[in-house]
Amino acid sequence: MLEIKDLAVQYGDQEPTIEHFNLSMKKGEIISVVGESGSGKTTVIRAVLGALAGAGRVTSGDILFHGESLLKNSKNDWRKIRGSKMSMIFQDCGGTLNPIRKIGSQYVEYIRTHESMPKQEAWQKAVTMLTKMRLPDAENIMNSYPYQLSGGMRQRVGIAMAMTFNPELLLADEPTSALDVTTQAQIVRQMMELRDDFGTGIIIVTHNIGVAAYMADQLIVMHHGKVVDHGTREEVLNNPTSDYTKKLLEAVPEMEGKRYV
Ligand SMILES: Nc1ncnc2c1ncn2[C@@H]1O[C@H](COP(=O)(O)OP(=O)(O)OP(=O)(O)O)[C@@H](O)[C@H]1O
Ligand SMILES: [Mg+2]
């Protein structure tokens, strides 16, 4: 479904931020990208979504989605793909919601920018999605302001919005990092259910190798813009090749008192 070939990305005149990045992803696969702050994780997924920040640009390599290069996409092509075929969730989706507007009106507007439908129908669709994300009393949430929800609930709203049009690919940038450990575990499980229920392929970026290993079919470890380990979860956990990965594995955090690595 998604193929990244020898990708390099550079911001302005800086040294390349990432180099020789490769990835091959099947439908419904979960790939975790793990690495310390500044290693280039966000850069990878923003490149996939054609949304590099600032002066970021792809300087070599290619990104193919169902065999077609995404690098050739026009603004209009992207408008059709983003939100419907692939979508993204962030560390604090709540932070991207407008604080002075109720969830409902923002969600309805979001739906109607992607698909023309009457407001009432969009409202109903939103309620259905929130309920699927196991948010209790979805109508009440629609009538709430973002600050009236907990961080975990806001994050579920963000995931619900991202899943509205049943994208094939969900790009998740530190989706659980701002949450307490228990909520983090719930959200992680819920994301894995998305794959089981809808066949959604997920690339999850995290600095938490515990979360990464728990979710992943494939695990990619980055260090200073380079991939230092890449393989199936078992391969990387049982036979890490780089010292960096070995160090990460020695310091694995726990989730709900259980070690997942
Ligand atoms: N908007 C930008 N303008 C210029 N350089 C940038 C920009 N965004 C990222 N970079 C460069 O790319 C490097 C990697 O950034 P990136 O955000 O991909 O790292 P990350 O692994 O996601 O880190 P974190 O865990 O802190 O989110 C940065 O150290 C910086 O040099
Ligand atoms: Mg980042």
For region 20-36, state whether one or more residues are open to solvent by 10 Å² or more (accessible area, probe 1.4 Å), within 11 Å of ligand 1 (Cβ to nearest atom) and more than 30 Å from residue 130 (Cα to Cα).
-> yes
Selection within region 1-19 - more than 11 Å from ligand 1 (Cβ to nearest atom) and assigned to a strand (DSSP E or B) | 2, 3, 4, 5, 6, 7, 8, 19
Identify all residues within region 9-25 that are under 23 Å from residue 232 (Cα atoms) and more than 16 Å from ligand 2 (Cβ to nearest atom); write none if there are none.
-> 19, 20, 22, 23, 24, 25
Could you give me the residue pairs with C-beta distances under 6 Å whose first residue belongs to region 213-233 and is at positive phi, whose second residue is outside any loop (DSSP other than H, G, I, E, B) and within 16 Å of ligand 2 (Cβ to nearest atom) wherever it lies, and which are 6+ apart or on separate chains?
-> 225/18
Considering residues that are within 12 Å of ligand 1 (Cβ to nearest atom), assigned to a loop (DSSP other than H, G, I, E, B) and either among the hydroxyl-bearing types (Ser, Thr, Tyr) or surrounded by 13 or more Cβ atoms within 10 Å (Cβ to Cβ) (or both), the number found within region 48-62 is 2
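The rows are residues; the columns are (1) touching a helix residue (DSSP H, G or I) at 6+ places or on another chain (Cβ under 7 Å); (2) open to solvent by less than 60 Å² (accessible area, probe 1.4 Å).
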{"position": "78", "(1), (2)": "no, yes"}
{"position": "92", "(1), (2)": "no, no"}
{"position": "98", "(1), (2)": "yes, yes"}
{"position": "101", "(1), (2)": "no, no"}
{"position": "106", "(1), (2)": "no, yes"}
{"position": "111", "(1), (2)": "yes, yes"}
Is one or more of the residues making up region 148-167 touching a His at 6+ places or on another chain (Cβ under 7 Å), aromatic (Phe, Trp, Tyr) and at pLDDT 90 or above?
-> yes
Looking at this structure, is residue 172 under 20 Å from residue 24 (Cβ atoms), within 16 Å of ligand 1 (Cβ to nearest atom), of a type in the set (Gly, Ala, Ser) and at pLDDT 90 or above?
-> yes
So is residue 166 closer than 18 Å to residue 156 by Cα and open to solvent by 40 Å² or more (accessible area, probe 1.4 Å) or not?
-> yes
Do we find a residue being within 12 Å of ligand 1 (Cβ to nearest atom) and surrounded by fewer than 19 Cβ atoms within 10 Å (Cβ to Cβ) anywhere in region 189-208?
-> yes
Taking the condition within 25 Å of residue 219 (Cα to Cα), without any contact (Cβ under 8 Å) to a residue 40 or more places away in the chain and surrounded by 13 or more Cβ atoms within 10 Å (Cβ to Cβ), does residue 70 pass?
-> yes
Which one of these is touching a residue at least 24 places away in the same chain (Cβ under 8 Å) and in a loop (DSSP other than H, G, I, E, B): 135, 170?
-> 135
Residue 187 of a type in the set (A, V, I, L, M) and free of Cβ contacts under 8 Å to residues at least 40 places away in the same chain = yes
Please list, ordered by first then second residue, the pairs with beta carbon atoms under 6 Å, 6 or more apart or interchain, first in region 26-48 and within 14 Å of ligand 2 (Cβ to nearest atom), second part of a helix (DSSP H, G or I).
-> 32/212; 32/215; 33/41; 34/209; 34/212; 35/41
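The values are calculated or read from the model by the stated rules, or taken from the named source; none is laboratory data. Note that the structure is a prediction, hence the values are computed from the model and not measured. Because the Cβ atoms are built from the backbone with ideal geometry, glycine has one as well, and the counts that use them run over all protein chains shown. The protein model used for the area step is the full one, side chains on, heavy atoms only, and it has no ligands, DNA or RNA in it. Shrake-Rupley method; radii C 1.70, N 1.55, O 1.52, S 1.80 Å.
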